[in-house]
Amino acid sequence: FEGKLSVGYGSYDEVKWNATFNVPITENTAARASIYSINRDGYIENINNGQLLGSDEQFGLRGKFLYTPGPDTRLTLTGTYVERNQDGQVDPVVEFGPFASDSSKEFNAGIAGPENDKVNGNGFHPYEDKIGDLSLIWEQALGDYDLTSITAVEYWEWFFSKDAPFRT
């Protein structure tokens with residue numbers, strides 16, 4: 001049995017941790033599991049309602065199962081699941097001033113302050129997604145040749161809001 005744990009703390013109350021475990025089950029089977037989490041508060045203030053934008057929440061796990069029924073055969077089953085949720089990023093300003101287009105002026109009206117960490121509107125592009133996958137790898141030695149077969153499926157559920165507040 002072998003395990004590893006890592007924990008970290010950063011700006012905007014960011015907390016990260018991950019853990020990994022390797023477990024020999026029998027002489028020809030083994031398992032490995034990993035899990036992680038990242039959480040960070042928002043760091044851009046909406047001065048209209050006090051909401052902090054730019055938060056990030058992630059959680060994921062991955063498992064592997066290895067089976068070697070003989071010296072020439074190896075089967076690896078792997079599964080992954082991840083959830084991510086981000087609360088409203090604020091786009092960087094790429095155009096402003098007297099020569100900017102009207103839509104750009106309206107879109108970039110959220111700038112307030114020299115540190116550019118405040119806006120007067122809702123954040124753009126919040127997203128959340130769930131990702132999962134499952135794969136089976138079969139490796140077979142055939143004399144001077146090696147045969148590898150990979151079968152996999154992936155699931156991705158994604159919600160992404162790209163509507164800016166001034167659009168209707």
ask   = Which residues, taken from region 59-86, are in contact with a strand residue (DSSP E or B) (Cβ under 6 Å, 6 or more places away or on another chain) and of a type in the set (Gly, Ala, Ser)?
value = GLY60, GLY63, GLY79
inquiry  = Given the criteria among the small types (Gly, Ala, Ser) and touching a Lys or Arg at 6+ places or on another chain (Cβ under 6 Å), does SER6 qualify?
reply    = no
query = Got at least one residue in region 72-82 being open to solvent by 70 Å² or more (accessible area, probe 1.4 Å), modelled with pLDDT of 95 or more and not in a strand (DSSP E or B)?
reply = yes
ask   = Of (1) touching a strand residue (DSSP E or B) at 6+ places or on another chain (Cβ under 6 Å); (2) on the phi > 0 side of the Ramachandran plot, ASP56 satisfies all except one. Which?
value = (2)
message = When you check GLY63 against the structure, is it assigned to a loop (DSSP other than H, G, I, E, B), open to solvent by less than 60 Å² (accessible area, probe 1.4 Å) and not hydrophobic (A, V, I, L, M, F, W, C), yes or no?
response = no
task = Could you grab the pairs with beta carbons closer than 6 Å, sequence gap of 6+ or different chains, first residue in region 9-29 and part of a strand (DSSP E or B), second one open to solvent by 80 Å² or more (accessible area, probe 1.4 Å) and not β-branched (Val, Ile, Thr)?
result = VAL15/TYR9; ALA19/LEU5; THR20/LYS4; ASN22/GLU2; ASN22/ARG32; VAL23/PHE1; THR29/TYR67
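I'm trying to understand the selection: among the residues of region 42-69, which are under 16 Å from TRP17 (Cβ atoms) and in contact with a Phe, Trp or Tyr (Cβ under 6 Å, 6 or more places away or on another chain)? Steps first, please.
Of region 42-69, the ones under 16 Å from TRP17 (Cβ atoms) are 56-62.
Once the filter is applied, which keeps residues that are under 16 Å from TRP17 (Cβ atoms) and in contact with a Phe, Trp or Tyr (Cβ under 6 Å, 6 or more places away or on another chain), region 42-69 yields GLY60, LEU61.
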query = Looking only at residues in region 34-58 that are buried (at least 17 other Cβ atoms within 10 Å of the Cβ) and more than 20 Å from the chain's Cα centre (by Cα), which one is nearest to THR78 (Cα to Cα)?
reply = ILE44
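The values are calculated or read from the model by the stated rules, or taken from the named source; none is laboratory data. The structure presented is a predicted model; accordingly, all values stated were derived computationally and were not measured. Cβ atoms come from the backbone with ideal geometry, glycine included; neighbour counts cover every protein chain shown. Accessible surface areas use protein heavy atoms only, side chains included; no ligands, DNA or RNA. Shrake-Rupley method; radii C 1.70, N 1.55, O 1.52, S 1.80 Å.
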